[in-house]
Amino acid sequence: MIKLKIKLAFFNLLSKLVFTALFLIFMPYIVERINLRQVDKDLIQKREQVIDLISEVGIEPFIASDSTDTFGSYNILKEEFVSLERFDIEEDWNFIEVTSRLIEDEEIEYRVLNYSFLVDGQKYLLEVGKSLDSILFARKNITRVILLFLIFIIIITLLTDLQYNHFLLRPLDKITGKLKGIANPSLFDKTAVKTNTSDFYHLDHALRELMEHIDELFKKEKEITVNISHELLTPVSVLRSKLENLLLREDIESDMSVKIEESLKTLHRLQSLVNSLLLIARIESHQFLREEIFYISDVLKEIVEEINPIADDKGVLLTEDFHQDMQYKQANRSLIFSMFYNIVNNAVKNTQSGGEVILKSAFQQGNFTVTIADNGRGMTEAQLSTLFSRFRTRIDQNEDGTGIGLAIAKTIADFHKITVSVTSEAEKGTIFSFIFPEIS
Amino acid sequence: MNILIVEDEKNLAREIAAFLKSENFLCDLAYTGMEASEKITVNLYDFVLLDLGLPDYNGIDLINEAREAGSEASFIIITARGEVEDKVKGLNLGADDYLAKPFALIELLSRINAVARRKFKVTSQDIILGEFIMQIQPRKLHCNGREVELTKKEYDLLQYLVLNHDKVLTRHQLYEHIWGNILDDQYDSNFIDVHIKNLRKKLNAHAPTPWLETVRGVGYRASMEQ
């Protein structure tokens, strides 16, 4: 990824280079054209001077009337010359051309004006020439000067562009900086970014409004869960206290205590259900923080320790197979604990005596992966498809728990961006895989 | 001990009061924050059970008021909101403990007792269970001079039963006390049965445990009235 200001500077540089190249190609030609025109003007002026002179003093001083002489004059540096000769061609000449002349064994390119005129019935040809050397020389010089100047300009403007872009895009940098690493809209820095660029102002403004809106929604959702939990748990609380007080009385019959305990159990089921739904709602509305640092294997070992007595009692072997470990940053330990606990507990529950549940951890294709495999009763395709839904039909009626544990595990995994995949075969066993996101 | 119960749900307040009275506490009730505010400034309480969800008052303010009035009451916060922030906020403001609704009355009692032990620096006496001697601090169990090795969970379980001796504790009450509320899928688990079974096995290797009773269909009881 390339930063915008670099891209802009790069584009500026490129456009300048193209412009310079074009300039360098066409400039000499233009300069030459301008120069030639200037020279031509000059030549015409010189011609007028000569013609004026001839009309003043006559042709005699230049060419004697009876000689076949030609008149020629050039300056020492051979930059210019004027020549006069008799001319025997019928047509009139008046044109300018480029031609080489041999002067004192030196071939020089001249721009020459040819002009024929009539004096006393005799036709004469006047040639006024100017060396092109000076023009070529000027062209070379100008090209060099321009080239140097352009390089200088390019370097200067490139530096100023970079600097200016940096200055100009600073608000954008700030906005992207604010967005980076934001896990929760409530953590978004809501102070306005200082800018007089309307685009950035609108971008920043819209972002802040959006964040505030999301934050507001989260807060509302949080409020609703808080209120619902209060409304639902208070009556449960009243009932529970009443039943517990009854159970503590010494004057009740034992069959009555059993009934009370059964009622309490049902009430616990309700309580547990409400709490599970609230837990899911709280996770989904981001009411849990993800800022603990811990090792996954520590959590898994703790879970094995917790569940081992139950597995032991049931005759299920709980095996640890931790190849690699990962230090987990930005996670909620107790949620991660719950997630794995639910799955391991479920695996033990669904495995018959003599079976085995294996917890494995290793890096697979760069991602840390925890698999929990059992050789228990497994699941059919139909059961798999509804596995993570909140109120799935139970696999069998003897199954205990609200069956919401897997939904909780899935919600926690989603909250941590952990991918869960399940493969299962009826009567063979089930494998849960938790693929952790790559550590950035 | 003197306890003020601040709870807007009258039904619940009365049940808590009935239970605590049977445990020989003196109970006073306040159904609103205003009422509580008055009572706290006028009377001296050892404990205040404070529901944070009062409709007319921010429960946290009550703690501040009490502290400003020079009250040395210990606060135990009750809330049905169950938010982590509430818990942290409450404990930071000088509440002594925190309970989420719905809670077991037994759990409330043991929290009160634990705070009381801390507050009045009661040196816990060793508890005699048949041939066993249970030490609270440091946590140890001896039988005829030999230490009985228990896991942390087994010790917790035994201690909870023993501290609430002669009361039947249901499996769920025991479960909730030891594992807390986060593992919500376990209302019907046999966790407690397994742990009691293991506990019995370990204890019986040293001496018989007739005092650790199973109350059929209800739960378990540590019986110390022999």
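The values are calculated or read from the model by the stated rules, or taken from the named source; none is laboratory data. On a predicted model such as this, the values are computed, not experimentally measured, just so you know. Positions of Cβ are backbone-derived with ideal geometry, glycine not excepted, and every protein chain shown enters the neighbour counts.
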Check: Can you find even one residue in segment B:176-199 that is within 18 Å of the chain's Cα centre (by Cα) and away from every other protein chain (no Cβ under 14 Å)?
Finding: no
Expected single match for modelled with pLDDT of 90 or more, in the same structural domain as A:MET379 (by TED's automatic domain parsing) and among the acidic types (Asp, Glu) among A:ASP312, A:ASP325 is A:ASP312
Margin query: Quick check on segment B:181-190. Is at least one of its residues touching a helix residue (DSSP H, G or I) at 6+ places or on another chain (Cβ under 8 Å), outside the structural domain of B:LEU50 (by TED's automatic domain parsing) and not in a loop (DSSP other than H, G, I, E, B)?
Written below: no
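Does at least one position in segment A:273-289 carry a residue that is in contact with a strand residue (DSSP E or B) (Cβ under 8 Å, 6 or more places away or on another chain), within 9 Å of chain B (Cβ to nearest Cβ) and buried (at least 20 other Cβ atoms within 10 Å of the Cβ)?
The answer is no, given that none of the residues of segment A:273-289 is in contact with a strand residue (DSSP E or B) (Cβ under 8 Å, 6 or more places away or on another chain), within 9 Å of chain B (Cβ to nearest Cβ) and buried (at least 20 other Cβ atoms within 10 Å of the Cβ).
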ask   = Quick check: is even one residue across segment A:91-109 of a type in the set (A, V, I, L, M, F, W, C) and either within 30 Å of A:LEU22 (Cβ to Cβ) or in contact (Cβ under 8 Å) with a residue 60 or more places away in the chain (or both)?
value = yes
In segment A:195-213, is there at least one residue being at pLDDT below 85, touching a Lys or Arg at 6+ places or on another chain (Cβ under 9 Å) and not acidic (Asp, Glu)? yes
Taking segment A:334-350 and keeping only residues that are free of Cβ contacts under 8 Å to residues at least 40 places away in the same chain and small (Gly, Ala, Ser), one is left with A:SER334
Flagged in segment A:404-440 as within 22 Å of A:GLY355 (Cβ to Cβ) and of a type in the set (D, E, K, R), in numbering order, are A:GLU425, A:GLU427, A:LYS428
Scanning segment A:214-271 residue by residue, those farther than 16 Å from B:LEU169 by Cα, at the interface with another protein chain (Cβ under 7 Å from one of its Cβ atoms) and at pLDDT below 90 turn out to be A:VAL226, A:SER229, A:HIS230, A:LEU233, A:THR234, A:ARG269, A:GLN271
| message | Tell me yes or no: at least one residue of segment B:28-36 is touching an Asp or Glu at 6+ places or on another chain (Cβ under 7 Å) and farther than 22 Å from A:LEU233 by Cβ. | response | yes
>> Just to be sure before I move on: is A:ILE155 of a type outside the set (Asp, Glu) and over 19 Å from the mean Cα position of the chain (by Cα) in the structure I sent?
In response: yes
Given (1) under 22 Å from B:ILE178 (Cα atoms); (2) hydrophobic (A, V, I, L, M, F, W, C); (3) away from chain B (no Cβ under 12 Å), A:VAL357 misses just (1)
